[in-house]
Amino acid sequence: MRGLLKGVLALALGAAVAALPAVAGSETAPTIEATNYGGGGIYKETHEWSPPSATVGVSGVVTFVNNSSSVEHGVVWSSAIKPACEGVPENRGATSWRGTCTFSQPGSYTFYCYVHPSEMKGSITVNANGTTTTTMTSGGPTTTSITTTGSSTSQAPPPGTSLLQGSTREALTLAKSQRGTGVRGSVRISRAGAGGRLEVDLLAKRASLASVSSAFRSGVGKLVRRALSAGKVSFSVPLNAKGRRALGRHGHLALKAAVAVSSPAAARFSTSRSVVLRRR
């Protein structure tokens, strides 16, 4: 009986030891997202990597995302050392993609967007000690996790760092095609974003408004909500008189909905989505 007990204990210990590398390697990969929003006034759309930098350990993985179906983004590595990427458009632009890059050597990796090289620049630092972090920016923080090399210690992402509940795709609901004279959607606010401010701007090409032929955008609707509560926050942004006239004239109106959430602590998240509004 004692021999059988020893054998069972040995098997259990062996299984636990074998599981340690899996626990240590189960850290959440940082995610860097290409975002587009009207941050420079109603006549200018701006673009950024959110966040623009991250730190991983050797053989660490970073996820890159472009959720836009209308704005192209791509990655160009400008450093001497380069990662191995899958699903990431390198040296070209593309819409609606998601991929990962694996960093096998310690050092600093720098990159920029193929389509917006002057605006969108970033860096990845690879440490030999296995530490993984991300950097908070005006575009909103993402996951931070720490794994200690050579042990089974792992640390979950610290709570309260993101203004949204989940990723942008999970938190923001905004149908691409809608009917009526306003744009409707919702965003899930985390505890860190509670008490903050939501701003939604509707932007249309000025050519659609019978103005000068231009790619610049003009504001046709705006909504501001303050003192947000944590959880699902629904919004409805009506068109202004200029937007309603354009919708009545053309029967449809292509819009860019710029969504921004700011917290009382001055953190800020922003993104934009393309929406086509049609008459009922």
**Complete:** Those residues of the stretch 251-270 which are of a type outside the set (Gly, Ala, Ser) and not in a loop (DSSP other than H, G, I, E, B) amount to HIS252, LEU253, LEU255, LYS256, VAL259, VAL261, ARG268, PHE269
**Fill in**
Taking the stretch 119-152 and keeping only residues that are over 19 Å from ALA84 (Cβ atoms), in a loop (DSSP other than H, G, I, E, B) and either among the aliphatic types (A, V, I, L, M) or at pLDDT 90 or above (or both), one is left with MET120, MET136
**Asked** Here are some residues: VAL259, VAL276. Which one is among the hydrophobic types (A, V, I, L, M, F, W, C) and closer than 30 Å to ALA192 by Cα?
**Response** VAL259
**Request:** Residue by residue through the stretch 252-268, note down the ones that are open to solvent by 20 Å² or more (accessible area, probe 1.4 Å) and either of a type outside the set (Gly, Ala, Ser) or more than 19 Å from the chain's Cα centre (by Cα) (or both).
**Result:** HIS252, ALA254, PRO264, ALA265, ARG268
**Message:** Any residue at all in the stretch 14-26 that's polar (S, T, N, Q) and at pLDDT below 65?
**Reply:** yes
**Complete:** Checked GLY243, GLY248 against criteria (in a helix (DSSP H, G or I), open to solvent by less than 10 Å² (accessible area, probe 1.4 Å) and out of contact with any Cys (no Cβ under 6 Å at 6 or more places or on another chain)); the one match is GLY243
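The values are calculated or read from the model by the stated rules, or taken from the named source; none is laboratory data. None of these values were measured; they are calculated from a predicted model. Backbone-built Cβ (ideal geometry, glycine too); neighbour counts: all protein chains shown. Heads up: the accessible areas ignore ligands, DNA and RNA and are worked out on the full protein's heavy atoms, side chains in. Shrake-Rupley method; radii C 1.70, N 1.55, O 1.52, S 1.80 Å.
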